[in-house]
Amino acid sequence: MTVYNFSAGPAVLPKPVLEKAQAELVNYQGSEMSVMEMSHRSSLFDNIIKEAEKLLREIMGIPDNYKVLFLQGGASLQFSMIPLNLAVGKKALYVNTGAWAKKAISAAKAIDGVEVEVIASSEDKNFTYVPEITKDMVDQEAAYVHITTNETIGGISYQTIPDVGDVPIVADMSSNILANNYKVEDFGLIYAGAQKNIGPSGLTVVIIREDLLNKEPIFSPMLDFAVQAANDSLYNTPPTYAIYIAKLVFEWIQELGGLQEIVKRDQEKAALLYDAIDASNLFISPVDKNYRSLTNIPFVTGDEELDKKFNQEALAQGFQNLKGHRSVGGMRASLYNAFPKEGVEELVAFMKKFEDENGEK
Ligand SMILES: *Cc1c(COP(=O)(O)O)cnc(C)c1O
């Protein structure tokens, strides 16, 4: 049986990447060593990390005045590290769009000396849309405006990045990095846990504009962006194998034709599923059409028992990890870059069959 993995993260990786990693697993480029066994200061690994950075810069069009950091601790550590580095003694502005934004807000509130202000929220409609942000809502003295470009659980995303004046935008891009047309220049800092759309868990990518790096050291070198940047992400042992897999993923994206091509494919995949939901008399998308995510697509029947039946039957057909997040229920299809189009086509066919058998809502 073909298995399609709709997991929200850790998520599906490209088959060619896994096969390449397998072929190189025990003997990387004639070294008789696995990448896992190599010193992070060896020239072979140095090539890997430099190449990973170079490829990511090419793919995303990252300007020279931004540093690319390969860190650990997940996006969740960034929830604390960002206010700690950028906002002590200052105001930090947040947009509350759902579960992940909320976590970022509460972590920032816990940092001494950071004044957190939530400038907009979509809680009034259960986080089914992205609130509009205009320049006049933004205190121009603030350290940053934090947004979550894609809410992985709620399934909403920013279609465009707001103009907030000169205040840097800090973005949690964990679940739609490399699946959007945003411009890096529109952000002061971008961060993403790798396990959604880049590679294995354990790696966190941070892209930070150089002027935002601390001039004075903070209490912990590991948590200091400036220290990490000055050491090219090698202040301590980085997650070497995860960086290697990320490099293979970046190569795979380039071979497919780069970001434009991959976003086009993502749009096609998402449209297949949204069109099927919209045409259905059984399935509903809970999200405002203007803010639909390309990468995380929740849907429900409106009947919990029927959702449960759908999830059971889907699982038996090889559609794995389709069950919605426990806080939302229903179903959620995560269609990251590596998710094959055939998997969406088969899911849509299965949904039609299920609808025929289970009647109208
Ligand atoms: C998964 C996710 C996180 C948490 O990531 P970790 O790497 O597990 O800390 C944060 N934000 C968003 C948007 C996510 O999708």
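Before moving on, here are some points about what is shown:
- Here is the figure for segment 67-92: residues that are more than 11 Å from the ligand (Cβ to nearest atom), open to solvent by less than 10 Å² (accessible area, probe 1.4 Å) and closer than 16 Å to residue 105 by Cα total 5.
- Selection status of residue 35, surrounded by 15 or more Cβ atoms within 10 Å (Cβ to Cβ), of a type in the set (Val, Ile, Thr) and away from the ligand (no atom under 16 Å from the Cβ): yes
- When residues of segment 1-21 are limited to those that are part of a helix (DSSP H, G or I) and open to solvent by 30 Å² or more (accessible area, probe 1.4 Å), the one nearest to residue 342 (Cα to Cα): 15
- Residues of segment 214-241 that are open to solvent by less than 50 Å² (accessible area, probe 1.4 Å) and either in contact with a strand residue (DSSP E or B) (Cβ under 8 Å, 6 or more places away or on another chain) or of a type in the set (A, V, I, L, M) (or both): 218, 223, 225, 226, 227, 228, 229, 233, 234, 238, 239.
- Any hit, segment 140-155, residues being in contact with a helix residue (DSSP H, G or I) (Cβ under 6 Å, 6 or more places away or on another chain) and polar (S, T, N, Q): yes
- Checked against the criterion of being open to solvent by 30 Å² or more (accessible area, probe 1.4 Å), over 20 Å from the mean Cα position of the chain (by Cα) and not assigned by TED's automatic domain parsing to the domain that holds residue 295, segment 142-162 has no qualifying residue.
- Some residue of segment 219-232 being within 15 Å of the ligand (Cβ to nearest atom), without any contact (Cβ under 8 Å) to a residue 24 or more places away in the chain and not in a loop (DSSP other than H, G, I, E, B): no
- Strands (runs of 3 or more DSSP E) wholly inside segment 165-211 containing at least 2 residues that are open to solvent by 10 Å² or more (accessible area, probe 1.4 Å), within 15 Å of the ligand (Cβ to nearest atom) and not basic (Lys, Arg): none
- Checking each residue in segment 189-227 for being at pLDDT below 95 and closer than 23 Å to residue 11 by Cβ picks out no residue at all.
- Per-region count, segment 93-115, residues over 19 Å from residue 188 (Cα atoms), away from the ligand (no atom under 13 Å from the Cβ) and among the β-branched types (Val, Ile, Thr): 1
The values are calculated or read from the model by the stated rules, or taken from the named source; none is laboratory data. In this text, all values refer to a predicted model and were calculated from it rather than measured experimentally. Please note: Cβ atoms are built from the backbone with ideal geometry, for glycine as well, and neighbour counts cover all protein chains shown. These area figures cover heavy atoms from the full protein model, side chains too; ligands, DNA and RNA do not enter into them. Shrake-Rupley method; radii C 1.70, N 1.55, O 1.52, S 1.80 Å.
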